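Scroll down for the structure; my scribbles are underneath it.
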Amino acid sequence: MKSVVIPVLLAVLLFCHLTAASQRREKYEFVRNLPAYADSLIADLDYPLAWGHSDIKDFAAWKEAARQKVFDCMLTPPPAPADGNQAKVIFEEQRDGYKARKIEIRLSRYYVVPAYVLIPDGEGPFPAVNVLHDHGGHFFIGKEKVIRPLACEDSTVIKDAEAWAEGYEGQFFGDYLARHGYVVFAADAPMWGERGLKEEMKRNLYDMISGNMMMYGINLSAYMTYDDIAGTEYLATMPEVDASRIGCTGWSMGAYRTWMLAALSDRVKVGAAVCWMVTTDEQLTFKYSRTENGGFANCLPGLRRWLDYPHIASIACPKPMLFINGTQDKLFPVAGVNKAFKTMHDTWESQGAADRLETELWEIPHSCGKRAQERVLRFLQKYL
């Protein structure tokens, strides 16, 4: 029997190997990760709700309608907890000029979210910043990407965070801001850190889980933004915080989270986004050789039929906003960045707030080093 099974198994393995390499049809409808008719789809995107395209001519009324459309496309929000955003301190330690706390905060009836809070020494209340972590295809840590892990964390978490911080030139963004007098809040986004997968996390599983979430009538990317809004509301309730001086900042996916939060939350007074802004016609195109064009981390169903990224960010107008992108950033082509910047400048100028929008293209790759963090700090100091 054994002598028969082995040849059969070898034959099956050989067949799988050959077919995996050769099973391509002469006709097809998708190329790389896009539909073959992507250019036609882009041509049909006319963004009827964008400021300047819309029939709504009053800016305040437009903002209300545009914001509601974004919320509509974010699908059902997570149900609020019955007793509000209750938080519990898990651990606290003193650092150089500020206290660091690990807390657990109930942002929904469904779940409790781990977060870090940094509080400067001295008399408050202080200005505050919600620092929003990046994606990076790395899910093992979340909040620990932007705030140095507390001593209560496992050594593997601490080591991983220190390695990740090298991408920030060894400087934890949140700790840097706390040393300059800001209360800093940072929470794990859904699927990152202590909100991740029980099994070992792999990049493709994020997309699979996102699809499954939509089967429940909810959206994983939207949950991230809903949580960012709820986390900011908690920040405003802290006795150490001046609720009239709250900003947000982040790099990469954290930058996307920044301008989304600034657009959708009146709590946020100022935002600074590093390396995440583009237009859809340059993001979802065959012009560039990329292995990934978009992704579920910023996918809200149907929204692109109404508003493009810079139109959504423009809901934040006339708040002070800073956008930094890199000319060497392969994720965000300069052509798309420039188009987005112009769209936003047109909006801020239309409202007599041109001086409150600052957009900059630096000779950098996709990164957020010390120079970028210093630029964000100066912007926050100017407006908070």
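The values are calculated or read from the model by the stated rules, or taken from the named source; none is laboratory data. For clarity, every value in this text was computed on a predicted model and none was experimentally measured. Because the Cβ atoms are built from the backbone with ideal geometry, glycine has one as well, and the counts that use them run over all protein chains shown. Surface areas here come from the heavy atoms of the whole protein model, side chains and all, with no ligands, DNA or RNA. Shrake-Rupley method; radii C 1.70, N 1.55, O 1.52, S 1.80 Å.
For the reader, a short list of remarks on this structure follows.
- Whenever a residue of segment 127-147 is open to solvent by 10 Å² or more (accessible area, probe 1.4 Å), its partners that are of a type in the set (D, E, K, R), lying with C-beta atoms within less than 7 angstrom and at least six residues away or across chains, give the pairs Pro127/Asp242; Pro127/Arg245; Gly137/Arg203; Phe140/Asp160.
- Condition met for Asp228 (among the acidic types (Asp, Glu), surrounded by fewer than 19 Cβ atoms within 10 Å (Cβ to Cβ) and not in a loop (DSSP other than H, G, I, E, B)): no
Results for (1) part of a helix (DSSP H, G or I); (2) of a type in the set (Asp, Glu); (3) open to solvent by less than 10 Å² (accessible area, probe 1.4 Å), shown as yes or no for each residue.
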site	(1), (2), (3)
Thr249	no, no, yes
Leu261	yes, no, yes
Val268	no, no, yes
Phe286	no, no, no
Leu331	no, no, no
Ala340	yes, no, yes
His345	yes, no, no
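- Residues located in segment 164-188, provided they are touching a Lys or Arg at 6+ places or on another chain (Cβ under 6 Å), part of a helix (DSSP H, G or I) and within 25 Å of Ala297 (Cα to Cα): Trp164
- Between Lys159, Lys102, Lys88, the distinction of being part of a helix (DSSP H, G or I), charged (D, E, K, R), open to solvent by 10 Å² or more (accessible area, probe 1.4 Å) and modelled with pLDDT of 95 or more belongs to Lys159 only.
- Looking across segment 168-193, the residues that are more than 15 Å from Thr249 (Cα to Cα), open to solvent by 10 Å² or more (accessible area, probe 1.4 Å) and within 17 Å of the chain's Cα centre (by Cα) come down to Pro190, Met191, Gly193.
- If you go through segment 293-318 and keep only what is open to solvent by 30 Å² or more (accessible area, probe 1.4 Å) and among the charged types (D, E, K, R), you end up with Arg304, Arg305.
- The set of residues from segment 258-290 being within 24 Å of Ala128 (Cβ to Cβ) and without any contact (Cβ under 8 Å) to a residue 40 or more places away in the chain comprises Ser265, Asp266, Arg267.
- The lone criterion from (1) free of Cβ contacts under 8 Å to residues at least 40 places away in the same chain; (2) assigned to a loop (DSSP other than H, G, I, E, B) left unmet by Gln94 is number (2).
- Test: Met321 is within 30 Å of Ser244 (Cβ to Cβ), open to solvent by less than 10 Å² (accessible area, probe 1.4 Å) and either polar (S, T, N, Q) or touching a helix residue (DSSP H, G or I) at 6+ places or on another chain (Cβ under 6 Å) (or both): no
- Of all the listed residues (Gln373, Gln351), the sole one being open to solvent by 10 Å² or more (accessible area, probe 1.4 Å) and under 23 Å from Gly247 (Cα atoms) is Gln351.
- Looking only at segment 42-84, and only at residues there that are free of Cβ contacts under 8 Å to residues at least 60 places away in the same chain and outside any loop (DSSP other than H, G, I, E, B), the one that is most open to solvent (accessible area, probe 1.4 Å): Glu64
- For Asp228: the one exception among (1) of a type in the set (D, E, K, R); (2) modelled with pLDDT of 95 or more; (3) over 19 Å from the mean Cα position of the chain (by Cα): (3)
- Some residue of segment 314-324 being aliphatic (A, V, I, L, M), more than 27 Å from Leu41 (Cβ to Cβ), assigned to a loop (DSSP other than H, G, I, E, B) and touching a Gly at 6+ places or on another chain (Cβ under 7 Å): no
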